[in-house]
Amino acid sequence: MGINMRNWILVLLLAVAGTLNAQEETHEVKAGETLYGISRLYLVTIEELIEMNPFLAEGLKEGQILSIPDADYVVEQEVRPATVQRDTNRFDFYTVQPQQTIYSLTREWGITYEQLLELNPRLSEGLKVGQVLKLPKGTLTALRVEVQREGYVLYEVQPMETVYSLVRKFDLDDDEFYEANPQVLEEGLKAGQSVWIPEENIEESEQPVSIETEHVASDVDDDTTQTQLSKYIVIRTVSGESWETLSAKYNVTKEELLRLNPELISGVRPHRNLIVPRSAEPASIADGQTRANNRFHQMNRRSLKVAVALPLFLAENDSLAGLFNMGQASPQVVPQSTVAFDFYTGLKMAMDSLTSYGLNIELTVYDTRNSQAEILAIANQLRRERPDVVFGPLYAANAELLARELPNQWIITPLSRTINNADFSRLIQAVSPIEAEHLQLARWVNRNAPEANLIFVHRDKESEARLVQNFLQHLEASNSRTVSSLVMGEELLTTSTIRNKLAAGRRDIFIALDTDPVLLTSFINNVVSINDTDIAVLSTSRLMGARTLEVEKLNRLDLYLSDVEYVDYSDTNTHVFIQTYRDEFGNEPPRFTYHGFDVGMFFIPSFVLGALQNPTDPSPLWYKQGGVMKCHDFSRSAVMGSHENSGTYMLHLEDFIWKKVFE
């Protein structure tokens, strides 16, 4: 019996030792891992991990040895292409390539994101290079047919090439190029990418230039389509160009063009190679008012009929009507008309500046009083007057009503970010929608943080989760990016919940698309207290609308914002604008005066030059322009038939000053 007892004790000790060994299972933290990921790996809770490893309260670090509560764990193996169970009878399969995005793939395949997500649930964690996607049967078969597109040739984009240089090189219209390559609209153009070019245009572009050239420069400009010369460049004319457009575009006189190109005596014809002075860079309003002067000179002796429809409440401001008609604003206007007066002041400053170039503006002002009855009455007057463009109304409902009454009238709603212009081809939203700010953030991540640990901060609401999913569609595929969410329910966020999302040995980027002030305040206060220099925070302009946020705390963060407004006080044009306002009104220009000035300086030349380019269709000439506060960029959206401004700035807070990263 003594032996049996000893055996029983031995068995018991071995069982206990086995239990202890199971409890002491360890894990070495690797770069990029998070507590959330490790907890899923071993099927335990984050709280259990922290309880066994108290040092985790200070954050997860690469190389740490963690004790795991239980040995009975399941390791999630990453799905490899070779081990995927492929039912090729019912599905197609595709391996993700670098720089692809969910958005570009769904457009290329002609399926919705929801369809793709249903077949591939892991897409909610972001797109991975080498990831195998399951597709509806026939998707890739249709794609292979597409690759053999009749009449088109695939062209590989070379370094430094742009859409502008390609359409000039192959004598295409922007519309033709984007129609053949819609993915470029959203994702941009990248070196090494293949784009469709009509076969006949490829053949024409390969014809040798029959002009004797001098020394070839090594730094080829995007704007040249042929060989560069030491003093001259060779350009190729496109359809619709004339003496006036060539002179303005290349800042060269008609006499100089004739001297260099005697054959022009018979007129300007498309698809011809011409020599222009190398210093004659194409003028662009986007380069600022100083360089835009050459283009502005085209407006000399031109006319434009402009109508302004704003809630001015002139009856209530009767004593100020005389000053208003002279273009002078007053701080004593009734409150409901303040924004309108400020905007009109800036708009009139722009008109004064443009008329100095010889442009004749026929102006009519209407008082909408923010009343739909007044809008209907104004619509009747506009039918008779037939202006080239209407600035206003300010508010979405009024703008949509006016567009419904006047479907063929160009209408610019200058401040609203919420209009629905899908059914109104000539209703223009001048301020970028919030979605444009989200796209700017996605571009920043693609450019600066392809392998980071992304954490989306939002409330526990379906609408906010949907914003995250939409954002993920625009992120390029990554080799090792991690994606998770920090969700606030009924309880506020805490420092420990934020720490649990940090990755070992990798840059952590929190993205706050949610605009709830309680969420933002709770998050900012706690993330600041962590004091981790590897943390960056990305958000939209609406972050600054949370009045409970302290600027001092924001300044301690590595904080980036996408915004539709930015004033560069070091810019000469900004100085001129501010000083002009000070001289006339004796104080600083209000926020919406900046908006009015930028709207006028962008849209009035757009309509004048558009009509000059094509008198039979006086549509605006879309381009990109950075103003004193706003960036207008209709170069993409105009091609799609939607007139929303996609121009935004990416800003970084440095020593309490916002610095522009890019636009």
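Summary table below
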{"read-out": "All lysines inside 24 Å of Lys660 as judged from Cα atoms, apart from same-chain residues fewer than 8 positions distant", "value": "Lys190, Lys553, Lys624, Lys630"}
{"read-out": "Contour excess over end-to-end distance, with Cα ends at Glu118 and Leu557 and 0.36 nm allotted per residue", "value": "154.3 nm"}
{"read-out": "Linear extension gain, Asn89 paired with Arg40, 0.36 nm per residue minus alpha-carbon span", "value": "14.3 nm"}
{"read-out": "Set of the range 26-47 residues, backbone N closer than 11 Å to the point 7 Å along the Cα-Cβ line of Ser67", "value": "26"}
{"read-out": "Length-normalised contact order for the range 290-433 - Cα pairs under 8 Å, 6+ apart - percent", "value": "25 percent"}
{"read-out": "Cβ-defined net charge surrounding Ser463, 13 Å radius [Lys, Arg +1; Asp, Glu -1]", "value": "-2"}
{"read-out": "Per-residue Cβ neighbour rank within 10 angstrom, fewest leading, Met601, Met650", "value": "Met650, Met601"}
{"read-out": "Fewest-first sequence of Arg86, Arg168, Arg547, Arg417 by Cβ atoms within 10 Å of each Cβ", "value": "Arg547, Arg86, Arg417, Arg168"}
{"read-out": "FRET efficiency estimate (nearest 0.05) - Cβ-Cβ, Ser303 to Val518, R0 45 angstrom", "value": "0.25"}
{"read-out": "Likely footprinting exposure, Glu118, Glu476, fewest C-beta neighbours within 10 Å first", "value": "Glu118, Glu476"}
{"read-out": "Counted charge near Leu559, where neighbours are those whose Cβ lies closer than 13 Å (Asp, Glu -1; Lys, Arg +1)", "value": "-3"}
{"read-out": "Other-chain or far-sequence residues with amide H under 5 Å of Asp558's (modelled H)", "value": "Val537"}
{"read-out": "FRET efficiency, 1/(1 + (r/R0)^6) with R0 25 Å, evaluated for Ala546 and Ser570 via beta carbons", "value": "0.30"}
{"read-out": "Long-range amide H partners of Gln193 with built H, under 5 Å", "value": "Val157"}
{"read-out": "Amide H contacts under 5 Å for Val661, placed H, 5+ residues apart", "value": "Met650, Leu651, His652"}
{"read-out": "Simple label model, 7 Å out from Cα along Cβ direction - Asn448 to Arg383, nm", "value": "5.3 nm"}
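None of the figures in this text is laboratory data; all of them are computed from the coordinates on show. From a predicted model like this one, the values you see are computed outputs, not experimental measurements. Every residue, glycine among them, receives a Cβ derived from its backbone with ideal geometry; neighbour counts consider all protein chains shown.
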